[in-house]
Ligand SMILES: Nc1ncnc2c1ncn2[C@@H]1O[C@H](COP(=O)(O)OP(=O)(O)OP(=O)(O)O)[C@@H](O)[C@H]1O
Ligand SMILES: [Mg+2]
């Protein structure tokens, strides 16, 4: 997974499949940067994500809850259309900011 | 369409969740199920197997989970079986947002229910849990063999 740090913002390029195994890796990765590097904004770039289940969604909501009292936030960008339905069912779009970025040509 | 049965027993390891959902979706693909339904099957299997590992066995890797796939004329039936701690109150467990783990969203059963055509859960405390899910196969063209 590619990552980029920009001041207090962590950009993560989440790829492949987010299930109980990879979601716990994602959780540890984000939490270390929040705790050790003072990251307050996390942007998850989902362009190359193929699969997500409740473990992945739970880790995203969990980071939202962790960042909230710190005055931080988590955002999702470029969620692939085939994952819209599961996102909707999870209720996450009501809580977390979703956005679509123009892809550079 | 010939009936088909496959069963696989694997260690309760996180990386085997991938194996289970790939196998189920491969069988679904052989039945010419549309891609969105294959993705739904993958989520449902992932949820059931993850639950067995996380809740049934409390993440201990030394146990076994079984996946049984059965193809009939009209249905793909998927069973996920563990011999873990079992569920105290199945009705409550299946409610949206119910989880015994504060870090989790309680979405697993909701996804299994939404993405499959039928869901049955059998469980008894101390002896384990069996989740049975059915995906209907809508065959557009009657098979000639
Ligand atoms: N195989 C199982 N063995 C024991 N308990 C289970 C099993 N499957 C589910 N449960 C119980 O049912 C509850 C609800 O399961 P469900 O999958 O809906 O939510 P969750 O696993 O807690 O959260 P999420 O799936 O969103 O990560 C679990 O919290 C757990 O207490
Ligand atoms: Mg679950």
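No value in this document is a laboratory result; all are computed from the given coordinates. None of the values given here were measured: they were computed from a predicted structure. Quick reminder, even Gly has a Cβ in these numbers, built from the backbone with ideal geometry, and neighbours come from all protein chains shown.
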Taking only the C-alpha atoms, wrap a convex hull around the protein assembly as shown and report its volume per residue in Å³ as a whole number. 139 Å³
Roughly how many Å is it from the Cα centre of region B:15-56 to that of region A:12-76, as a whole number? 23 Å
Neighbour-count order for B:42, A:27, B:88, fewest beta carbons within 10 angstrom listed first: B:88, A:27, B:42
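What percent do you get for the relative contact order of region A:2-99 when only Cα pairs under 8 Å and 6+ apart count?
Numbers: 154 pairs, mean separation 28.1, N = 98.
Computed over region A:2-99, the figure is 29 percent.
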Cα-projected label distance for residue B:29 with residue B:10, points at 7 Å along beta-carbon direction, nm: 1.5 nm
For region B:21-145, just the Cα set please: Rg and Dmax, both in angstrom. 15.1, 52
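Got a sec? How would B:67, B:107 order by Cβ neighbour count within 10 Å, fewest to most?
Values: B:67 23, B:107 26.
So the ranking, lowest neighbour count to highest, is B:67, B:107.
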Rounded to one decimal in nm, the spacing of the 7 Å Cα→Cβ label points at residue B:62 and residue B:90 is 3.0 nm
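What is the average number of partner chain Cβ atoms found within 10 Å of a Cβ in B:46-52?
On the way: counts 9, 5, 0, 3, 7, 2, 0.
Averaged over the peptide's residues, the number is 4.
So what is Rg over Rh here for region A:35-105, counting just Cα atoms and using Kirkwood for Rh?
Working: Rg = 12.6 Å, Rh = 12.9 Å.
My calculation puts Rg/Rh at 0.97.
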Hey, what D do you get for region B:1-90 in µm²/s if you plug the Kirkwood alpha-carbon radius into Stokes-Einstein at 20 °C and 1.002 mPa s? 159 µm²/s
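Can you tell me the relative contact order of chain B? Whole percent, Cα pairs under 8 Å, sequence separation 6 or more.
Numbers: 279 pairs, mean separation 38.5, N = 145.
It rounds to 27 percent for chain B.
Can you compute the FRET efficiency between residue A:48 and residue A:95 using 1/(1 + (r/R0)^6), with r the Cβ-Cβ distance and R0 = 22 Å? Round to the nearest 0.05. Numbers along the way, then the final one.
Working: r = 23 Å, r/R0 = 1.07.
That pair, residue A:48 with residue A:95, gives E of 0.40.
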